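Visitor: I am attaching a structure below and will ask some questions about it afterwards.
No lab work stands behind these numbers, since they all come straight from the coordinates. Because the structure is predicted, anything quoted here is derived from the model rather than measured. No Cβ is skipped: glycine too gets one built from the backbone with ideal geometry, and neighbour counts run over all protein chains shown.
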Amino acid sequence: MIKNQEQLQLTREQLARVQRALESLRRDVLPKSEARYRLWAESYEDEIRKLEAEIKAYAAEKDGADSSSASLPTGDSDGRAAQASGPLSTPGDKSSSPR
C-alpha cells in the first residue's frame, strides 16, 4: 500500500521497469516462441496490474482526502473567496516545485 508521494514515485518507477522488461520480452521472445512468451509474460502482466492498482488506490484515497477538505471555509467572513498566495500545483507537478 502506497502511503506517501515518495512511495508513489518509487512505485511508478517500478512500473516503468516492469513495462520495459515486458516490452523486451515481447521484442526478443515473441518472434521465436509465442507459447514461451505467453508463459513468461504472465508474471510481468500480473505485476503491472498489481502496481497500477496500487497507484489507482492511492490516487483515489488522495482524491478522497482532498475533497473532504473542500468543505473547509475558504473565504472571508463576508463570503468573498480568499486570494491565492502562490501558484497552484497538483501532486507530482514538477513545474511549480522549488528548485
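Visitor: Can you run down the residue pairs with Cβ atoms below 7 Å, 6 or more apart or on separate chains, where the first is in the stretch 1-18 and within 16 Å of E61 (Cα to Cα) and the partner is surrounded by 11 or more Cβ atoms within 10 Å (Cβ to Cβ) and aromatic (F, W, Y)?
Guide: Close Cβ pairs satisfying both conditions: I2/Y58; L8/Y58.
Visitor: Scan the stretch 1-42 for residues that are loosely packed, with under 14 Cβ neighbours inside 10 Å and assigned to a loop (DSSP other than H, G, I, E, B) and report the count.
Guide: Within the stretch 1-42, residues that are loosely packed, with under 14 Cβ neighbours inside 10 Å and assigned to a loop (DSSP other than H, G, I, E, B) number 6.
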